[in-house]
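Worksheet: one structure, shown below.
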Amino acid sequence: METSTPPKDTGQTVPLYASRPDGVYKDGTPLPLYGVNWFGLETCDRAPHGLWSGRSVASFLAQIKGFGFNALRLPVGPEVLRDQGAVASWAQTGDPAYPTSPLAGLRYVLEKARGLGFYVLLDFHTFRCDLIGENLPGSPFDSSRGYTKDDWLADLRRLAGLSLEFPNVFGIDLANEPYNLTWEEWKALAQEGARAVLGVNPRVLVAVEGVGNLSPNGGYNAFWGENLAEARDDLGLGDRLLYLPHVYGPSVYDQPYFSDPNFPSNMPAIWDAHFGHLSGRGLPWGIGEFGGRYTGRDRTWQDAFVDYLRAKGVRVWFYWALNPNSRDTGGLLEEDWSTPVLDKIRLLQRLMTPGGGLAFDFLPATFEVPNPERGFAEDSYYPDEPALDAPALVAEARQKGYEVRVIRRTYYLHAFAEQDTLPQDFLNQLAQDLQSAKNAGVKLVLRFAYRPDENRPGEPTYCDPPKERILAHLRQLGGVLRAHLGAIAYLEAGLIGPWGEWHSASPETALMDPLPSYSEGSQPPCGQQNYDRKLPNRNTLDIVQTLLREVPGKLVAVRYPMAKAKLLELEAGGATGTYPSSAFFAPLTPGEAHGATLKARLGAHNDCMLASPNDYGTFYYDAGAQQDLEKDFWSQDALYTVMGGETCTPAPYVPSGEDPATYVYRYFQRYRVSVLNLAYHPDFIAWLGQTPYGEGTLLEALKARLGYRLYLRRAEISQVALSPLDTFTLRLYLANEGFGSLYNPKALALVFLREGDGLLVRRSLEPRFFGPPAGEEASYTYTVSPPSEPGTYSLWLEVADPENPGDPRYNVQLASRTEYRDGRNALNLYVEVR
């Protein structure tokens, strides 16, 4: 939900993680951690393994996220933390954006993990990259090898610093498998290491592994890192401590007890002796590593161990490993680094939340998300610019730092004001302009007007044509417009008065009336500058209704809240010449929204935003109840229509005592502004760019917030394993964090992409989707049929433009941290069709 001063997500908010006997908590809320180890950063490659296969970091993480994992254990070493050495050249094979700096690479992985909703345990694995596997030293440092205890403590502080930078880093694993130490030796070092970590970030957890067999092991040989038989207390660390032993089965080493006649029934007593006794002492623990080939006796062992963890209620664990190149254990992926080992995954899903479904929680994007039909608009005028070159305007705006998706194109028709028929050359040019917009992947806000300026003494005189001529012109225009509806965002009513702004109407043609009790006196031909001749009458209504008929489904924006209310009153049979009754200032309700009625299809544009207390007559002139009514009406009505326009003064009007930046931000927020003219007023736009707001400028805030900004907070599916005849439930939790709303319908679809060959299957969810109004969140539930062909499918959400099918430039990108590709948003969920 938008606030008056929106918080900026800078990555500096540090959560409070805590360990309790029943698991890990984040800011007081239980946080189950279903994790996998992904190694490579601790090796001399200094990058996560598998990128050589042609897949990206995000692709790997999204795949395992779809199977229910939400946590990563990342082994790292000093070379990466100190940014020493080179990253393997294959790192960019599947992920061209992967950095060439080791430390930047780690940050890249952490950011991708954060964006995909993964919590991370950073593991200090070994102090030299060539000392891995069977060569692990069994101690966090070795002075004889040039790495001292002080070096280790300094690197732990570096890890802790990353936990401040990336709030998804919940813990630091102090040292991997210190098997070459006794428990008493390791306990003292662990306490010292914990102080180093907590001195940098007191809100993060420290993970302490077990030792090997140099200390009593309960009579049973322990794996490296498994033996916590002598652990009796919290090491003085309170809820900062999390014990994370490592334990393996027969595929890693054939311990004698794996050949016991009672195997695997003998195992719970052994596990209790090594680490399970911590539960009875009220000490928090999970599993830092376990895994294996999952064949033969190892399969029996893993099945029994999962049963043990379920019985103990363990909610923190990390499987070894994602990598198929783990020699003793294999991985969760086959040797192709793509095909999931489903038997292992199904086993581990027994340790996840029951019910068979999956969910993904998205972080909000912190950057501008350019999207169709919203944002800053370029400006273009006919006949000054006889032909629209939309691609050139878009490129010009990009050079200035704007990603433009809307162009306001005004057509001044004064050359045709005395002609009953528009020339065919003009109609052809209009069609070409609309096609130019399509070529650029943008939409137009259209306005047609007959008067390019006000009538002033000594200057050219411009007249409003008679109504019947305007209607005839509209019927000609309609044929062209209907052929190019996909290039139109909306129209401004225009047609009447200077610039088509619905004031100073020509008295002769009586297209508008003066405001009540206003006496304009004698008028020169075609009228003079007279801002009070702006009250719609039946001629106005006829023009607006004709325009609406010529552009089916499109909104038409009117210049004043009073004008919309009066048109509605006239449609209902009300009198002309009177100010509209308060009953017609009732804003649209959800039930009325997005329909075919006059009320639903009239939007708004304000061409003097922030100019004065009444925006130079946009609202009722005098402060008081009527002005307040009109402001509230426009604010609430724009929840379901469009609000666009421009500024007309060099700087904003700001009431005395108000903070200028906050007042201006709240103004755009209050009126749900979707489109703002970039060209006018140029000094005002410059002021926006110079005015600080939050951690940037007002201009940057408006770039992000004008119009809709759809943040998918969470996606849920009810089932993962499916047959072609099944259905499953998809639930989306969608928030609109922008100022405005979707005002043109979108086609919402769920897209299935099969792993391997990329087979695409699309399922329509909602053909006319408008999403939540500005500042609101809503949930949407759909019943979906899976593809008929077997395979593993990633799920993507497509928010497409039904008027531009197959053109991803007109699709909507969500303001969630997720992959956006080919006009589709990754849900980071997977289903398996059998």
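Results, tabulated for the structure shown:
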| quantity | calculated |
| --- | --- |
| Mean Cβ count within 10 Å, highest first, over the residues of peptides 548-557, 104-113, 229-238 | 104-113, 548-557, 229-238 |
| Among Gly219, Thr300, Val252 - extreme Cα towards positive end, dipole of the stretch 209-310, charges at beta-carbon | Thr300 |
| Gain upon complete extension [Arg821, Glu230; 0.36 nm per residue less C-alpha separation] | 207.5 nm |
| The stretch 715-778, accessible area per residue, ligands and nucleic acids excluded (1.4 Å, Å²) | 36 |
| Alpha carbon Rg of the stretch 469-621, scaled by the compact-globule rule 2.2 N^0.38 Å | 1.04 |
| Ranked by how many other beta carbons lie within 10 Å on average, peptides 648-657, 52-61, 180-189 from highest | 52-61, 180-189, 648-657 |
| Spatial separation of Cα centroids for the stretch 160-239 and the stretch 60-134, in angstrom | 21 |
| Extension reserve of the Arg310-Ser259 stretch, reckoned as 0.36 nm per residue once the Cα distance is removed | 16.0 nm |
| Accessible surface of the stretch 573-690 [probe 1.4 Å, protein heavy atoms]: carbon and sulfur percent | 54 |
| Per residue value of the accessible surface for the stretch 102-185 (all protein chains in place, 1.4 Å probe), Å² | 32 |
| Amide H partners (placed H, <5 Å) of Asn606, local residues excluded | Gly644, Gly645, Glu646 |
| Separation of the Glu766 and Thr461 label points, Cα + 7 Å toward Cβ, nm | 5.5 |
| Lone cysteines, the chain (no partner Cβ under 4.7 Å) | none |
| Principal axes of the chain: Cα extent on each, largest first, Å | 110, 59, 48 |
| Pair Arg398, Asp336: separation of 7 Å Cα→Cβ label points (nm) | 3.6 |
| Ordering of 303-316, 215-228 by packing [mean C-beta count within 10 Å, highest first] | 215-228, 303-316 |
| Amide H contacts of Asp123 (H built 1.01 Å from N, under 5 Å, at least 5 apart or other chain) | Leu74, Val76, Asp173 |
| Rounded Å value of the spacing that divides the Cα centres of the stretch 693-744 and the stretch 246-293 | 44 |
| Separation of alpha-carbon centers, the stretch 561-632 and the stretch 373-391, rounded to whole Å | 28 |
| Shape box of the stretch 246-320 [Cα atoms, principal axes, largest first, Å] | 34, 24, 18 |
| When each of Lys703/Lys746; Lys566/Lys631; Lys467/Lys631; Lys443/Lys746 is checked by Cα-Cα distance, pairs over 20 Å | Lys703/Lys746; Lys467/Lys631 |
| Nearest 10 degrees, 0 to 90: helix 625-637 Cα axis against the chain principal axis | 50 |
| Cβ-placed point charges (K, R +1; D, E -1), dipole of the chain about Cα centre in debye, nearest 20 | 1060 |
| Fraction of the pair-distance distribution of the stretch 9-85 above 22 Å, Cα-Cα pairs, percent | 45 |
| Only Lys, Arg (+1) and Asp, Glu (-1) charged, at Cβ; the stretch 231-326 dipole about Cα centre in debye | 160 |
| Residue-averaged 222 nm ellipticity for the chain, from DSSP H runs of 4+ at -39500 (n - 2.57), nearest 500 | -7500 deg cm²/dmol |
| The stretch 730-777, relative contact order [Cα under 8 Å, separation at least 6], % | 51 |
| Proximal aspartates and glutamates relative to Lys187, as straight alpha-carbon distance under 18 Å, when same-chain residues fewer than 8 apart are discounted | Asp123, Asp142, Asp150, Asp173, Glu177, Glu209, Glu226, Glu230, Asp233, Asp234, Asp239 |
| Given charges at Cβ of Lys, Arg, Asp, Glu: the stretch 231-382 dipole, positive-most of Val369, Ser338, His277 | His277 |
| Label-point separation in nm, Ala483 to Arg107, each point 7 Å along Cα→Cβ | 5.4 |
| Relative contact order of the stretch 158-294, defined on C-alpha pairs under 8 angstrom at six or more residues apart (%) | 23 |
| For Tyr382, distant residues with modelled amide H under 5 Å away | Thr410, Tyr411, Tyr412 |
| Per-residue HN-Hα couplings for the stretch 276-292 [Karplus 6.51, -1.76, 1.60; θ = phi - 60°; Hz; x = Gly/Pro] | x, 5, 4, 4, x, 9, x, 9, x, 8, x, 10, x, 8, 7, x, x |
| Calculated FRET efficiency for the pair Ala431/Ala575, C-beta based, R₀ 35 Å, to 0.05 | 0.25 |
| Rg to Rh quotient for the stretch 758-829, alpha carbon positions, Kirkwood Rh | 0.95 |
| Estimated FRET transfer efficiency (Glu508, Arg731; beta-carbon r; R0 56 Å; 0.05) | 0.40 |
| Full-extension gain in nm, Ser656 to Asp807, via 0.36 nm per residue minus C-alpha separation | 49.5 nm |
| For the chain, share of DSSP beta bridges that run antiparallel, in % to the nearest 5 | 50 |
| Protein accessible area in the stretch 113-203, 1.4 Å probe - carbon and sulfur % | 46 |
| Ratio of the Cα radius of gyration of the stretch 740-783 to 2.2 N^0.38 Å, where N counts its residues | 1.48 |
| Length-normalised contact order for the chain - Cα pairs under 8 Å, 6+ apart - percent | 10 |
| Accessible surface of the stretch 745-834 [probe 1.4 Å, protein heavy atoms]: carbon and sulfur percent | 48 |
| Cα long-axis angle, helix 149-165 against the chain (0 to 90 degrees, to the nearest 10) | 30 |
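The values are calculated or read from the model by the stated rules, or taken from the named source; none is laboratory data. Worth saying up front: this structure is predicted, and the values here are computed from it rather than measured. Note: ideal-geometry Cβ built from the backbone for every residue, glycine included; neighbour counts use all protein chains shown. With ligands, DNA and RNA removed, areas are computed over all heavy atoms of the protein, side chains included. Shrake-Rupley method; radii C 1.70, N 1.55, O 1.52, S 1.80 Å.
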